[in-house]
Amino acid sequence: MTTPTAAGTPSTEFDRLEQEVVDHFFELQPGYAVFLGLHQYDGRVPDLSRAGTDRWVAGADRLLARLGEVPSANLSASRALDRSLLELLIESPRFDIVESRDLERNPMSYVGGISLTSYMIRDYAPVAARVEAIVRTLEAAPKYIEDGRRRLDAVLAKPFLTLSLAIGGGLASHFDEAETFARKESATLGDRVKAARAPAEGAVREFLERIRSEWMPKATDDFALGPERYQRLLWVREGIRTPFEEIRREGEADLQRNQARLEEIAGRPGRAAELFETLFLDHPSASELIPTAQKLVDETKTFVREHDLVSIPEPAICRVEETPSYGRALSTASMNPPGPFDTGGDEGIYYVTPVDSTWPEKRQEEWLRSLNRTMLRNITVHEVFPGHYLQFLHFRHAPTSLARKVYLSPSFTEGWAHYAEQLAIEAGIGGADWKAEVAQLHDALLRDCRLIASVGLHTGGMTVAEATKLFVEKAHFEQLPAEREAIRGTFNPEYFCYTLGKLRILEARRKLLDREFHGSLQAFHDKLLSTGAPPVGLIETLLTVRG
């Protein structure tokens, strides 16, 4: 099974090796291939048995050796960078399997790996073909879950178990959504999904029960990667050699800058809570939430164009929808963009999680307060214009290599979207109204604390309680959401990506804006987004490479 290249049939020996690397990567990550728009991978589930991943690692090692043997003299400067991307593309999942041991340490690797979303939300093929992919995925689920049960360690970290129970507990409703989706097309298709989901749900239920009865009683707090593996994580994900302590100090400095600016706006210390309360009070009603978000999509698109911040490839159409029910527990708002290989058009889907009518009135009001008009605009900047959706439009249309079409750095994608929030403030979004900047600072403080917590939790012995205190005191969070943020850091150390990526983009802008782009922000941003979504450690090199 071969992935389409960016420029057609592979021609040179290096082109062919590039193709082999990408195809091997997708053997382990077929769901990611589907996300990118490569639907020949529909319905495929990776073999996560120990024998299956041993074979994959052996193949990865052979490919890494071959990449290292390619004479540099045979490659242009641009293709030499592509070789670096290909090496990281393979090193990253190899790290997860061999060094981080995710498949032995974290049951979320299994319950979180069963997703049918891509087949339901995009109209890329007839419903019957998409249902076929759903059925194949469900039919493969029992073995997938059993492979996980067999290779997990006897003692596991409590946060991983707790989140696995929460995610696994939502799979039945996820499968129900898939059956409803199929049944809308025909009773026959609905029956096919119903038949396939029964054993899948049974396997999930049994797995969750074993988590409760076997692993939870022995659970520990041993979740940390440790200093050595954390440093390796920075390299395999983002091509960064910078010591993590230096990255922590950069995050702390950004936190201090943002705190100082918030106090400057407030006029006196301790008034930040009053500023946030002013924002919270101005929120849409439950029925107004989705129309308000759609209006903000249109307004931010106009703002980006009028201020020449970055080019907008047309057609640039993004519709707002309610977050599907199976995704509401873990998402306030999110973007489902078209992948670089998608053939179904450029439309984006901006999901906003609505109020649940079954909630008590107090909780409904709290939810709407968190999605007040000013913060919802900042979220829209992050998710749509000029954030994720616009970045993915450039990602789709950039005439670039296969390696760059496939590589998707978390710190680049989230860093760009977080940088976009600051960029919008610099350009004057919201006019003279201080509330726009306060909303941006509110989210920046959160992202700064995520970076600091990530380093502390995984390298410095920081406890979940200490991380919770950090979010309460520095990000102005209430106890419960602060605790959730702290727990997230135990299983997702890469939530450093927002601040890390933003700071790397700002540093590249500081160094290169005048020298390489004659002071034009639009030229800088267009060139940056034309590189795809590379590891942020390579941003400056990619912006200046010739040939």
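Would the stretch 13-218 count as rounded, prolate or oblate if I go by the C-alpha gyration tensor, calling it rounded below 1.5 in a/c and otherwise prolate when a/b exceeds b/c, oblate otherwise?
Numbers: a/c = 2.81, a/b = 1.37, b/c = 2.06.
The shape class here is oblate.
For HIS397, HIS525, HIS307, HIS39, what's the fewest-to-most ordering of other Cβ within 10 Å of each Cβ?
The most exposed by this proxy come first: HIS397, HIS307, HIS39, HIS525.
Taking amide hydrogens as modeled 1.01 Å from N in the peptide plane, which residues meet the under 5 Å criterion relative to CYS318, leaving out close sequence neighbours?
GLY348
Report the gain in length on full extension from LEU281 to ASP61: 0.36 nm times residue separation, minus Cα-Cα distance, nm rounded to one decimal. Working shown, then result.
Numbers: separation 220, 0.36 × 220 = 79.20 nm, distance 5.63 nm.
Length gained, LEU281 through ASP61: 73.6 nm.
Report the charge-dipole magnitude of the stretch 232-544 in Debye, nearest 20, computed about the Cα centre from +1 at each Lys and Arg Cβ and -1 at each Asp and Glu Cβ.
760 debye
Using label points projected 7 Å from each Cα along Cα→Cβ, tell me how many nm separate GLU13 and ARG205, to one decimal.
A separation of 5.8 nm, rounded to one decimal place.
What is the calculated FRET efficiency for ARG328 to GLU139, with r their C-beta to C-beta distance and R₀ = 45 Å, to the nearest 0.05?
It comes to 0.95.
Beyond a 22 Å Cα-Cα separation, which of these cross-linked pairs lie in this structure: LYS435/LYS474; LYS301/LYS362; LYS362/LYS435? Write down the numbers at each step before the final one.
Working: LYS435/LYS474 19 Å; LYS301/LYS362 34 Å; LYS362/LYS435 24 Å.
Distance filter (> 22 Å) returns LYS301/LYS362; LYS362/LYS435.
In the chain, which helices (entire DSSP H runs) extend 30 Å or more along their own long axis, judged by Cα positions, while averaging at least 0.0 on the Kyte-Doolittle scale? Intermediate results must be reported in sequence, preceding the final value.
Numbers: long enough: 127-151 (36 Å, -0.40); 187-210 (34 Å, -0.39); 244-266 (33 Å, -1.24); 435-459 (36 Å, 0.26).
Membrane-span-like by this rule: 435-459.
Between GLU288 and GLU473, what's the calculated FRET efficiency when r is the beta-carbon distance and R0 is 30 Å? Round to 0.05.
According to the calculation, E is roughly 0.35.
Once you order the gyration tensor axes a ≥ b ≥ c over the Cα atoms, which shape class does the stretch 411-546 get: rounded for a/c under 1.5, otherwise prolate or oblate by comparing a/b with b/c?
Oblate.
For THR220 and ASP153 in the same chain, what is the full-extension length gain: residue separation times 0.36 nm, less their Cα-Cα distance, in nm?
22.9 nm
Could you tell me how far the Cα centroid of the stretch 145-162 sits from the Cα centroid of the stretch 484-498, in Å?
19 Å
For TRP359, TRP56, TRP416, what ranking results if the residue with the fewest other Cβ atoms within 10 Å of its Cβ goes first? Walk me through the numbers on the way to the answer.
Numbers: TRP359 12, TRP56 21, TRP416 28.
In increasing order of surrounding Cβ atoms, one gets TRP359, TRP56, TRP416.
What is the dipole size for the stretch 13-218, taken about its Cα centre, with +1 at each Lys and Arg Cβ and -1 at each Asp and Glu Cβ, in debye to the nearest 20?
That gives a dipole near 580 debye.
Just going by the charge dipole of the chain, with Lys and Arg at +1 and Asp and Glu at -1 on Cβ, which of ILE452, PRO360, LEU28 is farthest out on the positive end?
The Cα lying farthest towards the positive end belongs to LEU28.
Straight distance only, please: which lysines reach the Cα of LYS184 with their own Cα at less than 25 Å, same-chain residues fewer than 8 apart left out?
Result set, ordered by chain and number: LYS194.
Given +1 on the Cβ of Lys and Arg, -1 on the Cβ of Asp and Glu, and no further charges, what dipole in debye does the stretch 163-287 carry about its Cα centre, rounded to the nearest 20?
340 debye
Counting only DSSP beta bridges with both residues in the chain, tell me the antiparallel percent, nearest 5.
Details: 4 of 11 bridges.
The antiparallel fraction comes to roughly 35 percent.
Once both labels are modelled 7 Å past Cα along the beta-carbon direction, what's the TRP434-ASP123 spacing in nm?
The two pseudo-label positions are separated by 4.8 nm.
Can you tell me how much longer the chain between GLU366 and GLU246 gets when fully stretched, taken as 0.36 nm per residue apart minus their C-alpha distance, in nm with one decimal?
39.4 nm
Work out the charge dipole of the chain with +1 on the Cβ of Lys and Arg and -1 on the Cβ of Asp and Glu about the Cα centre, then indicate which of SER115, SER520, ALA80 is farthest towards its positive end.
ALA80
When we measure straight from the Cα of LYS158, which lysines land under 20 angstrom away, once same-chain ones fewer than 8 places off are left out?
By straight Cα distance, LYS158 reaches LYS218, LYS469.
Work from the charge dipole of the stretch 123-242 (Cβ charges, +1 for Lys and Arg, -1 for Asp and Glu, about the Cα centre) and give the residue of TRP215, ALA128, VAL155 farthest towards its positive end.
It is VAL155, whose Cα lies furthest towards the positive end.
Give me TYR407, TYR498, TYR124 ranked fewest to most by other Cβ atoms within 10 Å of their Cβ, as a rough exposure proxy.
Starting with the residue having the fewest Cβ neighbours, the order is TYR124, TYR407, TYR498.
Looking at the square roots a ≥ b ≥ c of the eigenvalues of the Cα gyration tensor of the chain, which shape do they give, rounded for a/c under 1.5, prolate if a/b is larger than b/c, or oblate?
rounded
How much FRET efficiency would the formula 1/(1 + (r/R0)^6) give for LYS511 and GLU306, where r is the Cβ-Cβ distance and R0 is 22 Å, rounded to 0.05?
Rounded to the nearest 0.05, the efficiency is 0.20.
Rounded to the nearest 500, what is the chain's calculated 222 nm mean residue ellipticity when only DSSP H runs of at least 4 contribute -39500 (n - 2.57) each, over all residues?
That comes out to -20500 deg cm²/dmol.
Each value in this text was obtained by applying a stated rule to the coordinates, not by laboratory testing. Keep in mind that this is a model prediction, so the values were computed, not measured. Here Cβ is always computed from backbone atoms with ideal geometry, including for glycine, and neighbour counts include all displayed protein chains.
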